[in-house]
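What follows is a short report on a single structure.
The values are calculated or read from the model by the stated rules, or taken from the named source; none is laboratory data. Computed from a predicted structure; not experimentally measured. Cβ coordinates were reconstructed from backbone atoms using ideal geometry, including for glycine residues, and neighbour counts include every protein chain displayed.
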Amino acid sequence: MNPLLSVQDLHVDAPGEGRSILRGVHLTLDAGETVGVLGTSGSGKTTLALALLNLLPPALRARGRVEFEGHDLRTLNHAALCAVRGRRCAMVFQEPLTALNPRQRVGAQVAEVATAHGEHDAARAMRSAIDLLGRTGLTDPGERAQRFPHQLSGGERQRVLLAMALLLDPALLIADEPTSALDVTVQAQVLQLLREQQRARGMALLLVSHDLGVLATTCRRLLVLHGGRIVEDAPTPQLLAAPVHPHARALVDTVRPAERRA
Ligand SMILES: Nc1ncnc2c1ncn2[C@@H]1O[C@H](COP(=O)(O)OP(=O)(O)OP(=O)(O)O)[C@@H](O)[C@H]1O
Ligand SMILES: [Mg+2]
């Protein structure tokens, strides 16, 4: 069976600064698989997530192949790419506030996703938005839906983003540090939701984080990104028990002993 996502020799350069950010990344992800990308700040995690969906800022240049469900995303035309984004492959961005429109109530924003993807009845779109917000564990979703993003807590905003991503039942969800801005309790709740939804939908998950603890509890396989290269790619228990690359070893040494035995 072909992998769901296959990335071959992906490079991202910042020509204006004469520097390389990603240097020949290879990775594959099967349908339903959970893979974590672990890397310290500046290792290129967000750049990788954005490059996968052709969302890099204009200052950055990518080359290489990104195949998703058999299509090379880097050469698809704009309309075909938009059909993939959100419908087959959804993304939760690192900054929940910047990803939401500050002037629109969150329920309307979630409903808009349904409308943009074919639900033409506005009342039905709003009902499915509220229903999904409830299923993400948001308390009193009908009332929360009436609020603007700044009237929600960080954890509530992250649930709104997750609802928007899940609404389309994607084959792949890319989540960039979805819990890093949250306190430990809310982080655990959001990760639990992510794991439940991943299992219930059988969707593949590419979870990006600097936090090995977060990735180890959610992903079966881990990739270690260091200086724009994948330096290790191993099943989670193997990486925790016997990391090979010195940088991977250093990261594993920072987690608590209980997590190392997970
Ligand atoms: N638009 C840009 N122009 C030039 N360099 C950039 C640009 N965007 C990112 N970079 C550089 O690329 C490198 C990787 O950045 P990236 O945001 O991918 O890191 P990250 O691993 O996601 O870090 P963090 O954990 O802090 O989110 C950094 O050195 C950053 O300065
Ligand atoms: Mg980042």
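With the structure loaded, tell me whether Leu182 is farther than 12 Å from Val110 by Cβ, within 16 Å of ligand 1 (Cβ to nearest atom) and not in a helix (DSSP H, G or I) or whether it fails that test.
Taking the combined requirement at face value, the residue satisfies it.
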In the stretch 20-38, which residues are over 29 Å from Arg199 (Cα atoms) and either within 16 Å of ligand 2 (Cβ to nearest atom) or modelled with pLDDT under 95 (or both)? Ile21, Leu22
Failed item, numbered, when Asp233 is tested on (1) surrounded by fewer than 19 Cβ atoms within 10 Å (Cβ to Cβ); (2) within 16 Å of ligand 1 (Cβ to nearest atom); (3) touching a residue at least 60 places away in the same chain (Cβ under 8 Å): (2)
The strands (runs of 3 or more DSSP E) lying entirely within the stretch 195-249 that contain at least 3 residues which are more than 16 Å from ligand 2 (Cβ to nearest atom) and of a type outside the set (Gly, Ala, Ser) are 229-235
Strands (runs of 3 or more DSSP E) enclosed by the stretch 2-95 - at least 1 residues per element that are more than 15 Å from ligand 1 (Cβ to nearest atom) and free of Cβ contacts under 8 Å to residues at least 60 places away in the same chain: 5-14, 19-29, 61-68
If you go through the stretch 81-103, how many residues are aromatic (Phe, Trp, Tyr) and either surrounded by fewer than 17 Cβ atoms within 10 Å (Cβ to Cβ) or modelled with pLDDT of 90 or more (or both)? 0
So, first residue in contact (Cβ under 8 Å) with a residue 24 or more places away in the chain and within 17 Å of Gly32 (Cβ to Cβ) in the stretch 206-222, second residue of a type in the set (S, T, N, Q) and in a loop (DSSP other than H, G, I, E, B), Cβ within less than 7 Å, six or more apart or across chains; the pairs are Leu207/Thr218
Please work out which one of (1) away from ligand 1 (no atom under 16 Å from the Cβ); (2) surrounded by fewer than 19 Cβ atoms within 10 Å (Cβ to Cβ) is the condition Val110 fails and give its number. (2)
Kindly check whether there is at least one residue in the stretch 39-57 that is at negative phi, surrounded by fewer than 16 Cβ atoms within 10 Å (Cβ to Cβ) and away from ligand 2 (no atom under 16 Å from the Cβ). no
So Gln158, is it over 20 Å from Arg199 (Cβ atoms) and of a type outside the set (Asp, Glu): no
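For the stretch 140-148, does any single residue satisfy the condition of being touching a helix residue (DSSP H, G or I) at 6+ places or on another chain (Cβ under 9 Å), under 21 Å from Val35 (Cα atoms) and either assigned to a helix (DSSP H, G or I) or at pLDDT 90 or above (or both)?
no
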For the stretch 214-256, enumerate the residues that are basic (Lys, Arg) and farther than 28 Å from Val186 by Cα. Arg229, Arg249
Quick check: anything in the stretch 207-225 touching a Ser or Thr at 6+ places or on another chain (Cβ under 8 Å) and on the phi > 0 side of the Ramachandran plot? no
